[in-house]
Amino acid sequence: MGSSNIRDVLTSFCPSMDLFAISLGDGRIKIWDTVKGQVQTEFVDIATMETSIFGKQEGGHLSMDYTCMKWLSLEKKKKRKLGGSLLLLGTGGGDVLALDVSAGQLKWRINNCHPGGVNAVSFPSHGTHIYTAGADGMICEIESMSGNLLSKFSATSRAISSLAVSPDGKKIATAASQLKIFNSSNHKKLQKFSGHPGAVRCMIFSEDGRYVLSSALGERYVAVWDVDGSKNKSASVSLAMDHPAVFLDSRCVNSGDADHPGLSVLAISEMGVCYFWHGKTIDELRNSKATKISVASDDVVLKKHKGAFPIVFAAKLQNVSVPASGHMFLAHGLLIKPTFEKVVVHPGTDIKLNISQDGILLPVGQSHKSRKASDIQSRVTALDRSNTEGALLPVPKIVDLSDEKSDIKPMGSKGMFKKYSRFTYH
């Protein structure tokens, strides 16, 4: 799979970062263990047998058309427990689902929540309620644990392409023909912006809820909007990119001025390049130059993997330390064989993550030279055929939710290798 297909890939890290969910558009959801670097669980056939409504027969199994995915924490402590988190999913058929990954089961499902398709799901930090938006222009508020629909209101007469909820849960941002900010309690419109001619693909609030960050289809920049209730309709900052963004993240920067905090921004482009900007103030952010993290490739690598480009396809900006180092957790390499790694980025110092000819992903760059032994040990290396001999085979769990009576059953080594050899041990 080439890097151009990253636009169709759905990814999400669990809150504790030790699990990673990915769907490549085939109706399957693979859960990777980011510490061991192996597939832990695979969810297949979540839809019912009513293929005409909920899915389509594709590749020999019932396929769900997933359109959005986000992992929700149900607890304050970063410790994975049974029922401690839910993987939220939206479908092109308009359904909203919640998977309890630890228990290996479908927690709840709302059929036809958004006729025409679900385009976005978001939630505040406390996670007790989630919000969804779709082609019908409606916003749905759902109780996280039960899946009960709490409220529903019309935000626009057009399809909503993206949605974000402020960390405190008091504001909702929607993107259709315009970006609009709503009060989550009374659904009153607080502010609106204009400036994205195309459909907004990704949108988030900053940690303090002061800013909204967005990027649209075909637009090679990230816009930063000041949510201050004013009538100003233009972006405060535009951060240039070489290609449109498919993912955004940010962290507030303590500048010593509570009224004018700074901001660090992370973005991943359609080509699988990670961008990082940092500013102690918004003015400094506006004038900052992007630092890039990418995966190097050559003709030997492309031939070996049949033209598949190694890329950065998922990232989480964990924190920003003094003076301006960005600490991030990356999923990179090949979509079917990811490497998970902590990376420290210094503004102005680009990083190349190299892939060697024997298939082992080896990161290089200035920020890696001072890596501590503990960080090196936590690095996950993707094995090639030349060095898999004698390795212990993982035993992933295959979860088929089309059969209500089925339980999680670990596969034996023989069955597992037949199932996974095509993408785990190449």
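The values are calculated or read from the model by the stated rules, or taken from the named source; none is laboratory data. This is a predicted model, so every value here is computed, not measured. With ideal geometry, Cβ positions are generated from the backbone for all residues, glycine too; neighbour counts draw on all protein chains shown. Ligands, DNA and RNA are excluded from the accessible area calculation, which covers all protein heavy atoms including side chains. Shrake-Rupley method; radii C 1.70, N 1.55, O 1.52, S 1.80 Å.
Residue under question is LEU217, and the condition is that it be open to solvent by 60 Å² or more (accessible area, probe 1.4 Å) and either on the phi > 0 side of the Ramachandran plot or not acidic (Asp, Glu) (or both); does it hold?
Numbers: open to solvent by 60 Å² or more (accessible area, probe 1.4 Å): yes; either on the phi > 0 side of the Ramachandran plot or not acidic (Asp, Glu) (or both): yes.
The answer is yes for LEU217.
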Item to check | Filtered residues of region 266-280 (kept if in contact with a Gly (Cβ under 9 Å, 6 or more places away or on another chain) and open to solvent by 10 Å² or more (accessible area, probe 1.4 Å)) | outcome: HIS278, LYS280
Checklist entry - Any idea which residue in region 109-136 is least open to solvent (accessible area, probe 1.4 Å), counting only those that are more than 25 Å from VAL9 (Cβ to Cβ) and hydroxyl-bearing (Ser, Thr, Tyr)? => result THR128
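Could we say that ASP283 is in contact with a Lys or Arg (Cβ under 8 Å, 6 or more places away or on another chain) and open to solvent by 10 Å² or more (accessible area, probe 1.4 Å) here?
Answer is no for this residue.
Within region 96-115, how many residues turn out to be of a type in the set (Val, Ile, Thr) and touching a Ser or Thr at 6+ places or on another chain (Cβ under 8 Å)?
Of region 96-115, the ones of a type in the set (Val, Ile, Thr) are 96, 101, 110.
When the remaining residues are screened for being touching a Ser or Thr at 6+ places or on another chain (Cβ under 8 Å), the result is 96, 101.
Number satisfying all stated conditions: 2.
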Checklist entry - What tally of residues in region 2-46 results from selecting those that are modelled with pLDDT of 90 or more and assigned to a strand (DSSP E or B)? => result 20
Checklist outcome for this item: Result of the Cβ filter at 9 Å on region 108-122, keeping first residues that are on the phi > 0 side of the Ramachandran plot and part of a loop (DSSP other than H, G, I, E, B) and partners that are open to solvent by 70 Å² or more (accessible area, probe 1.4 Å) and hydroxyl-bearing (Ser, Thr, Tyr), at least 6 apart or interchain, is none
Checklist entry - Any idea how many residues of region 118-136 are of a type in the set (Gly, Ala, Ser), out of contact with any His (no Cβ under 9 Å at 6 or more places or on another chain) and modelled with pLDDT of 95 or more? => result 2
Next on the checklist: Filter region 224-245 down to the residues that are within 19 Å of the chain's Cα centre (by Cα) and either at pLDDT below 95 or not aliphatic (A, V, I, L, M) (or both) and list them by number.
Outcome noted: HIS243, PRO244
Checklist entry - From VAL312, VAL344, which residue is open to solvent by 10 Å² or more (accessible area, probe 1.4 Å), touching a strand residue (DSSP E or B) at 6+ places or on another chain (Cβ under 6 Å) and in a strand (DSSP E or B)? => result VAL344
Checklist entry - Within region 137-161, how many residues are in a loop (DSSP other than H, G, I, E, B) and surrounded by 23 or more Cβ atoms within 10 Å (Cβ to Cβ)? => result 2
Checklist outcome for this item: Here the residues within region 18-34 that are open to solvent by 30 Å² or more (accessible area, probe 1.4 Å) and under 16 Å from HIS332 (Cβ atoms) are LEU24
Checklist entry - Name the residues in region 220-252 that are hydrophobic (A, V, I, L, M, F, W, C) and open to solvent by less than 20 Å² (accessible area, probe 1.4 Å), would you? => result VAL222, ALA223, VAL224, TRP225, VAL227, VAL237, LEU239, MET241, ALA245, LEU248
Item to check | Matching residues in region 91-135 - criterion: being within 23 Å of MET203 (Cβ to Cβ), out of contact with any Pro (no Cβ under 6 Å at 6 or more places or on another chain) and polar (S, T, N, Q) | outcome: THR91, ASN119, SER122, THR128, THR132
Item to check | Subset of region 177-235 [basic (Lys, Arg) and more than 14 Å from VAL165 (Cβ to Cβ)] | outcome: LYS188, LYS189, LYS192, ARG201, ARG210, ARG220, LYS231, LYS233
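Taking LEU106, is it surrounded by fewer than 18 Cβ atoms within 10 Å (Cβ to Cβ) and within 19 Å of ILE29 (Cβ to Cβ)?
It is true that LEU106 is surrounded by fewer than 18 Cβ atoms within 10 Å (Cβ to Cβ) and within 19 Å of ILE29 (Cβ to Cβ).
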